[in-house]
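Comments concern the structure below.
What follows is calculated from the coordinates using simple rules that are stated; it is not laboratory data. Just so it is clear, the model here is predicted, and its values are computed rather than measured. As a convention, Cβ positions derive from the backbone with ideal geometry for all residues, glycine included, and neighbour counts pool all protein chains shown.
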Amino acid sequence: MANVKIDNVIKRYGAVQVMHGVDVDIEHGEFVVLVGPSGCGKSTLLRMLAGLEEISGGTISIGDKVVNGVSPKDRDIAMVFQSYALYPHKTVGENMGFPLKMAKRPKAEIDEKVGRAAEILDLAHLLDRFPKQLSGGQRQRVAMGRAIVRDPQVFLFDEPLSNLDAKLRVTMRVEIKELHQRLQTTIVYVTHDQIEAMTMADKIVVMRDGRVEQIGAPLDLYDNPGNVFVAGFIGSPSMNFVHGTIVSEGGVKGFRSDDGLMLPLPETTATEGQAVTYGIRPEHIGVGEGGIPVNVVVVEPTGSETQIFARAGKDLIDAIVKDRIAARPGAEIGFVIDPANVHLFDRATEKRI
Amino acid sequence: MHSKRLGWLLLAPTMIILFFFGVVPFFYVIWVSFHQWNPFAANPGKIFNWAANYRQVVFDAQLLASLGVTFAFVFFAVVSELVLGYLLAQAFMKDFPGKAFFRTIHTLPLIMAPIIVGSIWKLMTTPSIGIIPNLLQSWFGYNLNIGQSALAAFTVTVVMDVWHWTPLVTLSLIAALVSLPPDPFEQAQIDGAGKRQIFWHITLPMIAPAVVATVFIRLMDALRTVDEVLMLTGGGPGSATRYIGVHIFKEVFPRTNYGYGSAISVVVLYLTIVICWLLYVGLIAPRNTKKG
């Protein structure tokens, strides 16, 4: 177990720079999720942590030791790949015992540790099977078993749940989190799924185009997104954005969209005439009398909640309410917005105001 | 029903050809092997003589000697081809300037007829005019004469076979290596395996089916080598390179001893099957039963 420090890490492929000075500090025992859209560099960063990819600049340290030139086998890390990367010719037991065998541990110790890991992961009855005889979820657990038998300093997970079906993904999410609570080992976890990030992480690192956009606890990112990208990426369904400017009527600041729609504004340092992006999460919009008049486009009832897509001028706004709304497409209803839930971003810099 | 009949119809030409050029000659050879048949003897017809030919096979000292050198030849040739082929395949997996060019010229021996290969090597190894004896003489002072030294002749036939057939091994191993998923290899690095351990624990088991298939092909080919060796050494000096194919050829053609030649062929076929079966049982079957 150890802390991990990623300091000003740069990655170049020839003349193309894909990682632009990434800094992440990971505390001992922390569950950190790297999240971002495809091509944001999150997997590359993880592979650099693992030593599978060289670093073009900066330093990576594991447990206060700089590991830049250290080969993967000497980093004392364990990794779970998206494809699980099980050895097809080895049984479950041999797969899980392989790292210990490579470390030349005595057979009794290997059997004991594999047995214990199999117990934890409910694999004890599958130890003699081959990977091809297992289901996706079982393979996933074998890959995790192979990681935990080593008792490494850091666990690396590269989109481990993407190949599972939706239901199994939820189960495995809980299992991984439980495992972390039990083992208290540092985990770095890569995913493109912001729900996984929100539910599992102690700390989320949101990345885009080889840069860190924001680092913080899941709810911090949800409540105080630092810019438009993070605001749109964290939270599902994603935040509504309306472009407009700050106006002042009788000394009171307000927001007017490019379309002329007036929306309520919280206390803000934004100045009159400033071009801004107005953000409001669908779950923070209510339906009621005296709200902003909108025209219903689509209503999607899911039972527990109702999602309403409605048009206010040219802007399509998405709301989620707990009530069952019987509005028909084309009907006019009112969207109620509490100014406290509004996020304002500068339109030019896309930064939070 | 209709599609099934159409299937047989489409297969029919191949099956008819295979029947007449494969199945019929096979049984004909077996049938002939039970006869005494020498068309240039006083009695040129086939005379049924039970298993006399097989009895002769068992007591044929020349044949046993021939089998001995054949196995030595096959062993050294196939093992060298496998090791060299794997190393070349690994080299061709990497990127280097001129890779496509080298890969192409390295496969050229494959498309050459064995008789041509034999001729080339004969020219290259003939003392006084061949490049190989000349270079060996001027560099190491070694006098290579495959017409006199049994060991030299044997070695040159092995080298010739390696030269001719290594590209086949390389190609099939490249195909096997290319099709391997990269993840288990990265995983093995993380799991603490060094290069050698990765080879023994991951690479080799994962390409084993391709390796075994290649060994089977090379084994069967090497066991029936005739033309190259016949051209190069004629089976000599003495009977140092009188491999089983050469031996059969000499029994059947110059001596026109058809019945006996057929009997040896059947025995060699049987031996080939036994060797392949042993290899299969030893290498492939344990993996399959373990999986069951």
Original post:
How high is the relative contact order of the stretch B:61-291, in percent, counting Cα pairs under 8 Å that sit 6 or more residues apart?
Top reply: 28 percent
Original post:
Rounded, prolate or oblate: which fits chain B when a ≥ b ≥ c are the square roots of the eigenvalues of the alpha-carbon gyration tensor, with rounded for a/c under 1.5 and prolate only if a/b beats b/c?
Top reply: oblate
Subject >> At R0 = 45 Å, FRET efficiency that the Cβ-Cβ distance of A:Asp202 and A:Ala331 yields, to 0.05 >> reply: 0.50
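Going by a ≥ b ≥ c, the root eigenvalues of the Cα gyration tensor, does chain A fall in the rounded group (a/c under 1.5), the prolate group (a/b larger than b/c) or the oblate group? Spell out each step's value before the answer.
Details: a/c = 3.14, a/b = 1.84, b/c = 1.71.
Prolate is the answer for chain A, as a/c is 1.5 or above and a/b outweighs b/c.
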**OP:** Quick one: compute the contact order of the stretch A:4-233, relative version, from alpha carbon pairs under 8 angstrom and 6+ residues apart, as a percent.
**Re:** 29 percent
Original post:
Between B:Ala150 and A:Ser61, what FRET efficiency comes out of the Förster formula 1/(1 + (r/R0)^6) with R0 = 60 Å and r the beta carbon distance, rounded to 0.05?
Top reply: 0.35
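Rounded to the nearest 0.05, what FRET efficiency do A:Ala348 and A:Asp122 have when you use their Cβ-Cβ distance and R0 = 51 Å? Provide the component values of the computation, followed by the final result.
Values: r = 54 Å, r/R0 = 1.05.
It comes to 0.40.
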Subject >> Estimated [θ] at 222 nm from DSSP helical runs (n ≥ 4, -39500 (n - 2.57)) normalised by residues in the protein assembly as shown, nearest 500 >> reply: -14000 deg cm²/dmol
Original post:
Counting only DSSP beta bridges with both residues in the stretch A:4-233, what percent are antiparallel, rounded to the nearest 5?
Top reply: 55 percent
Subject >> Within straight-line cross-link reach of B:Lys122, lysines at Cα separation under 23 Å, skipping those fewer than 8 residues along the same chain >> reply: B:Lys250
Original post:
Roughly what would the spin-label model give for B:Phe216 and A:Glu54, points 7 Å off Cα along C-beta, in nm?
Top reply: 4.2 nm
Original post:
In the stretch A:4-233, how many lysine pairs have Cα atoms under 18 Å apart, counting only pairs 8 or more places apart or on different chains?
Top reply: 17
Subject >> Coil-residue trypsin sites (Lys or Arg not before Pro) of the stretch A:265-341, DSSP, other Cβ within 10 Å capped at 16 >> reply: A:Lys314, A:Lys322, A:Arg324
Original post:
Who wins for biggest fluctuation among B:Gly130, B:Gly235, B:Gly194 in a Gaussian network model of chain B, springs between alpha carbons below 10 Å?
Top reply: B:Gly194
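Between B:Ile16 and B:Ile115, what length comes free when the chain is fully extended (0.36 nm per residue of separation minus the Cα-Cα distance, one decimal in nm)? Before the final figure, lay out each step's value.
On the way: separation 99, 0.36 × 99 = 35.64 nm, distance 2.98 nm.
This chain segment gains 32.7 nm when fully extended.
Which length gain, in nm to one decimal place, applies between A:Asp74 and A:Ala217 when the Cα-Cα distance is subtracted from 0.36 nm times their residue separation?
Details: separation 143, 0.36 × 143 = 51.48 nm, distance 3.10 nm.
Length gained, A:Asp74 through A:Ala217: 48.4 nm.
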**OP:** Compute the length gained on full extension between B:Lys99 and B:Val58: take 0.36 nm times their separation in residues and subtract their Cα-Cα distance, giving the result in nm to one decimal.
**Re:** 9.6 nm
